[in-house]
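Everything on this sheet refers to the single structure shown next.
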Amino acid sequence: MGWSRISYEPTRIRGIPAMKYYRIHVKYQLFIVFSLFLMLVSLGCVNRPDSARGFLEHVYSQYTGVGPQTLGNDAPNFFASELLDLIREDQQKSQGEAGLLDYDPICNCQDFNDLKITKIQITPIGNDRAKAIVNFVNGGSLVEVGFLLIRESGQWRIHDIEEPHIPSLKRFLEDGLKETTPSSR
């Protein structure tokens, strides 16, 4: 009974056959769903070791103009909590004077000039750790800095830094802070 009332004439919406409108609407919806899917997949890539490279590229991209405050307000964006605590302890003990860390360990410099990355080599160590070597030119000089990166709260951070004159920044700070007292400065 109810089937006899179905019209086989195409319904029109604003002069367009409804079926054509439906197809366009479905294609648009599929495009949105596919775009959201790709976005979610790319966000899932944050958990891959490749994102350690993205973290370091982001860190070094800030070395323009005034540059980052790697030992100041920007430090939590760069350093893992354990290394950050050592940096802050050194700053506190030095009472505004030059402490153990009197340079920017990320660029291995006090000042940067036209810093450009030439190579980043990442070696994953499981899912939440990676070793990295960054080669860059700073003021015409070739510099190499090694990093041990860890993931904290889903974000890559610097756990330790290896430079030609300091094989482990973390150990350097730990040892130096044991020996230093505010009265000995």
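Each reported figure results from applying straightforward, stated rules to the coordinates on display, with no laboratory input. Because the structure is a prediction, the values reported are computed rather than measured. Note that we place each Cβ from the backbone using ideal geometry, even for glycine, and neighbour counts take in every protein chain shown.
Side notes on the structure shown:
- Counting neighbouring Cβ atoms within 10 Å and putting the fewest first, the residues Arg53, Arg88 line up as Arg88, Arg53.
- Averaging 1/r over every pair of different alpha carbons in the range 49-184 and inverting the result gives a Kirkwood radius of 15.4 Å.
- HN-Hα J in Hz across the range 159-170 - Karplus 6.51, -1.76, 1.60, θ = phi - 60°, x for Gly and Pro: 8, 7, 10, 10, 10, x, 8, 9, x, 8, 4, 4
- For the range 119-185, the C-alpha radius of gyration sits at 1.37 times the compact-globule guess of 2.2 N^0.38 Å, with N the residue count.
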